[in-house]
């Protein structure tokens with residue numbers, strides 16, 4: 001029963017996902033107009049990527065935590081601790097930069113394993129475990145840094161968050177390498193989409209009509225290439241964008257196609273049913289928290305590299321940005337629903353709003369109020385949709 | 001002739017794309033017990049939601065007259081104010097609140113300064129409990145009482161609201177025979193006091209016992225209303241009306257019926273209560289099942305049937321478990337669910353919505369949930385093969401769904417149960433334990449499930465069938481074990497078994513554990 005879906009069907013079938021993309025486009029347009037186009041200037045686009053990459057890294061882990069039916073309030077403190085340990089090793093003890101990176105990741109893994117132990121094997125709700133972790137790891141951060149900031153990481157370390165790859169293949173005013181990478185990315189995307197579509201038809205599934213499918217691909221490719229062109233015209237390819245790209249790709253596959261990913265959705269959707277289907281719930285929960293610790297470590301390194309210092313206050317309120325990104329991106333409050341791509345779009349919405357409001361010179365208080373309301377409305381929209389769908 | 005307390009005329013209710021009710025008429029006379037019968041999805045619950053104001057006036061077509069006046073309920077509160085109280089299949093009680101607190105929840109007895117007068121409330125609660133034949137302390141938390149008593153508390157709650165028309169949706173679905181009988185007699189008692197009842201039920205014996213008239217609904221239409229005192233109003237007539245066809249045999253005939261060697265055996269199986277370690281829930285049980293054999297487990301609520309099954313299946317119930325499990329004569333390890341599955345066991349739970357399915361996930365992912373390993377290489381799931389598998393079971397099990405990508409929560413009860421069975425069949429088990437596989441599903445779907453059970457048996461699987469309905473056990477099993485208060489009290493060949501003989505064994509008490517059977521079976 002191969003079927004062809006029309007525009008309306010495609011749209012309504014995944015209202016939440018299409019809604020989030022439309023909201024993103026609307027927000028970008030709004031701030032573009034308000035800032036007289038400053039938002040989309042090459043230097044600002046570059047800036048958004050460098051400034052908010054760590055939130056997107058956290059959002060990837062957070063959406064998995066939320067799909068599994070948990071929450072993690074400690075990511076900001078864990079990130080701070082990772083940066084702190086790295087700072088002490090690299091700045092104070094003069095170890096090479098990569099020791100700092102490894103140490104930061106190990107710190108994240110240890111924190112994740114610690115919280116995973118309490119959540120999975122002792123059975124304490126993640127809300128409590130990570131609330132404790134929020135205090136615990138913040139305290140350890142202060143102790144490690146002896147209450148002072150450490151500054152001036154080596155150049156290689158800083159370039160993780162601030163550096164660009166430029167001029168590798170030359171180019172006249174625009175970086176050919178950047179365009180090549182973006183070109184390859186788009187080609188890979190188009191190829192995989194075509195392959196998936198062919199498979200779907202082979203397996204007699206409903207697919208989008210061919211013209212519609214091509215329009216969608218062309219639109220995505222055009223936006224991405226334009227974005228690449230803007231970057232190529234400025235400083236070239238940000239290194240952090242490569243890191244982010246790899247993480248998004250890997251975790252999209254992990255959530256959608258691996259057994260682990262499946263089991264996360266299963267325990268978030270119905271814990272008992274998952275247990276009775278042979279899912280090793282404890283180990284899955286442990287894995288979820290361990291992974292969140294890992295990504296918090298990565299985010300901590302990126303943030304310390306961006307700031308060029310390890311400070312005791314680093315990572316304050318990171319958890320709220322990451323949680324907001326996941327929920328705005330369509331994760332369900334009750335667990336079992338959510339997507340990495342959604343969390344990324346949710347994170348970009350938060351980033352665009354913050355950046356746009358900064359360009360307009362809005363004070364911090366306005367930014368908090370607006371972000372709080374956006375989160376509330378996004379989840380309200382989700383709840384409303386569910387109620388409508390479940391009204392029968 | 002008595003006057004009508006309720007008249008619903010030409011009720012039509014449409015949801016986007018679906019006409020759930022079309023021109024339904026319902027007349028209920030003052031002071032009668034009126035049963036409503038119909039297959040799942042026929043529109044019974046929708047009709048009751050229209051009546052009780054869940055679907056407010058204006059969202060449906062047609063007219064409702066209650067007590068001679070046109071009723072236009074905007075909310076449930078409106079219908080309750082008029083004296084219509086609905087008791088849903090899933091009880092709406094707060095387990096940690098006391099009996100009195102639950103009875104007056106949302107309807108609190110206020111004293112001075114608008115504060116709650118607990119003396120008054122507890123006193124009234126005792127009176128209400130006496131009316132429904134309950135003898136409990138009004139300050140006992142409801143969660144400590146069994147399901148049967150909770151059901152009675154729901155009725156007491158309705159009485160506290162001066163109910164004129166009581167609607168019960170499948171009131172005995174979760175009750176054992178004694179509790180069911182008590183409840184039905186209570187309804188008859190309320191009738192003497194002028195309270196009219198509407199009862200939605202699948203249990204035809206109960207309808208025959210208690211109802212004055214029965215309205216049959218099929219596919220969103222009224223088929224007929226029959227007077228139960230008429231000798232022509234037989235169960236077969238109701239079934240005919242419900243399914244729209246003659247159901248000659250309620251149980252399919254067994255074909256290819258060969259019983260082979262022993263496959264599954266348990267010995268000395270003892271299980272203790274998870275929170276009360278002294279309490280023995282399953283006491284030294286032993287049983288065996290042969291290839292191609294359907295073996296029933298009969299027992300009243302609280303006998304330990306589900307506890308027995310779940311303790312075997314990955315020790316998902318109880319603690320202090322001892323005993324041996326054998327597969328084809330060799331002892332196997334079933335201490336975790338995955339080990340149990342690997343060793344060829346499957347357990348389809350009695351509560352498919354809570355324990356069996358991920359309702360927010362689609363059909364295909366539910367089917368693959370337990371056998372995901374077969375679709376996996378190097379930790380990656382083959383999503384396309386998964387669709388092939390799901391489509392296979394959709395066809396083989398006749399799962400009625402627009403697509404395997406449909407969320408399981410949108411399917412009817414019978415089709416949900418077929419998804420659960422598909423999930424376990426895909427793990428290719430040797431022993432299939434089915435716990436109340438036909439609970440809450442309609443007559444037509446039951447027949448399909450029985451047919452599937454026969455098919456699994458014909459393929460040489462060993463089937464254990466746990467059921468509260470004796471006719472079901474007698475109609476589908478080869479042998480039946482009886483379980484009473486955690487002990488296996490006997491085993492009968494189906495040829496020799498009668499309901500009376502089984503019931504005798506099922507109620508065979510050991511004096512020391514007389515109280516154990518009164519608790520619910522919830523894990």
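The values are calculated or read from the model by the stated rules, or taken from the named source; none is laboratory data. Keep in mind it's a predicted model, so treat the numbers as computed, not measured. Here the Cβ positions follow ideal geometry from the backbone for every residue, glycine too, while neighbour counts run over all protein chains shown.
What the table shows:
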| quantity | calculated |
| --- | --- |
| Residue that is nearest to residue B:202 (Cα to Cα) [pool: residues in the stretch B:413-425 that are touching a helix residue (DSSP H, G or I) at 6+ places or on another chain (Cβ under 8 Å) and within 12 Å of chain A (Cβ to nearest Cβ)] | B:416 |
| Residue check for residue B:51: in contact with a helix residue (DSSP H, G or I) (Cβ under 8 Å, 6 or more places away or on another chain), within 14 Å of chain A (Cβ to nearest Cβ) and in contact (Cβ under 8 Å) with a residue 60 or more places away in the chain | no |
| Unmet criterion (only one of (1) over 21 Å from residue B:303 (Cβ atoms); (2) under 24 Å from the mean Cα position of the chain (by Cα); (3) at pLDDT below 90) for residue B:495 | (2) |
| Total residues in the stretch B:323-334, condition under 19 Å from residue B:306 (Cα atoms) and without any contact (Cβ under 8 Å) to a residue 40 or more places away in the chain | 1 |
| Failed item, numbered, when residue B:298 is tested on (1) within 22 Å of residue A:276 (Cβ to Cβ); (2) more than 14 Å from chain A (Cβ to nearest Cβ); (3) within 21 Å of the chain's Cα centre (by Cα) | (1) |
| Some residue of the stretch B:181-192 being in the same structural domain as residue B:100 (by TED's automatic domain parsing), touching a residue at least 40 places away in the same chain (Cβ under 8 Å) and within 22 Å of residue B:499 (Cα to Cα) | yes |
| Matching entry among A:204, A:199 (being on the phi > 0 side of the Ramachandran plot and within 14 Å of chain B (Cβ to nearest Cβ)) | A:204 |
| Flag for residue A:290 being away from chain B (no Cβ under 14 Å), modelled with pLDDT under 95 and within 30 Å of residue A:153 (Cα to Cα) | no |
| Boolean, residue B:304 is at the interface with chain A (Cβ under 8 Å from one of its Cβ atoms) and either in contact with a helix residue (DSSP H, G or I) (Cβ under 6 Å, 6 or more places away or on another chain) or under 27 Å from residue B:488 (Cα atoms) (or both) | no |
| Residue among B:433, B:441 that alone is crowded, with 17+ Cβ neighbours inside 10 Å and at pLDDT below 80 | B:441 |
| Test set (1) in contact with a strand residue (DSSP E or B) (Cβ under 9 Å, 6 or more places away or on another chain); (2) at positive phi - residue B:478 fails condition number | (2) |
| Single residue of the stretch B:426-447 satisfying the filter (part of a helix (DSSP H, G or I) and in contact with a helix residue (DSSP H, G or I) (Cβ under 7 Å, 6 or more places away or on another chain)) that is nearest to residue A:272 (Cα to Cα) | B:426 |
| Wholly within the stretch B:91-168, helices (runs of 4 or more DSSP H) carrying at least 3 residues that are under 28 Å from residue B:35 (Cα atoms) and at pLDDT 85 or above | B:118-131, B:147-160 |
| Lone qualifier among A:307, A:360 - being closer than 24 Å to residue A:109 by Cβ, more than 14 Å from chain B (Cβ to nearest Cβ), in contact with a helix residue (DSSP H, G or I) (Cβ under 9 Å, 6 or more places away or on another chain) and surrounded by fewer than 20 Cβ atoms within 10 Å (Cβ to Cβ) | A:307 |
| Filtered residues of the stretch B:307-322 (kept if within 14 Å of another protein chain (Cβ to nearest Cβ), free of Cβ contacts under 8 Å to residues at least 60 places away in the same chain and in contact with a helix residue (DSSP H, G or I) (Cβ under 9 Å, 6 or more places away or on another chain)) | B:314, B:315 |
| Any hit, the stretch A:105-113, residues being over 25 Å from residue A:328 (Cα atoms) and without any contact (Cβ under 8 Å) to a residue 40 or more places away in the chain | no |
| Answer from A:223, A:218, A:248 - the residue that is in contact (Cβ under 8 Å) with a residue 40 or more places away in the chain, part of a helix (DSSP H, G or I), more than 12 Å from chain B (Cβ to nearest Cβ) and on the phi < 0 side of the Ramachandran plot | A:248 |
| Residue within the stretch A:336-356 that is in contact with a helix residue (DSSP H, G or I) (Cβ under 6 Å, 6 or more places away or on another chain) and at positive phi present | yes |
| Candidates A:337, A:259 - the one that is touching a strand residue (DSSP E or B) at 6+ places or on another chain (Cβ under 8 Å), surrounded by fewer than 24 Cβ atoms within 10 Å (Cβ to Cβ) and within 14 Å of another protein chain (Cβ to nearest Cβ) | A:259 |
| Scan of the stretch B:453-499 for residues that are within 20 Å of residue B:429 (Cβ to Cβ) and not in a strand (DSSP E or B), ordered by number | B:453, B:454, B:455, B:456, B:457, B:458, B:459, B:460, B:461, B:476, B:477, B:478 |
| Criterion (touching a residue at least 60 places away in the same chain (Cβ under 8 Å) and facing another protein chain (nearest Cβ under 9 Å)) met by exactly one of A:285, A:270 | A:270 |
| Criterion (over 26 Å from residue A:194 (Cβ atoms), more than 14 Å from chain B (Cβ to nearest Cβ) and out of contact with any helix residue (DSSP H, G or I) (no Cβ under 7 Å at 6 or more places or on another chain)) met by exactly one of A:239, A:243 | A:243 |
| Members of the stretch B:402-430 found to be surrounded by fewer than 21 Cβ atoms within 10 Å (Cβ to Cβ) and over 24 Å from residue B:310 (Cβ atoms), listed by number | B:402, B:403, B:405, B:406, B:407, B:410, B:412 |
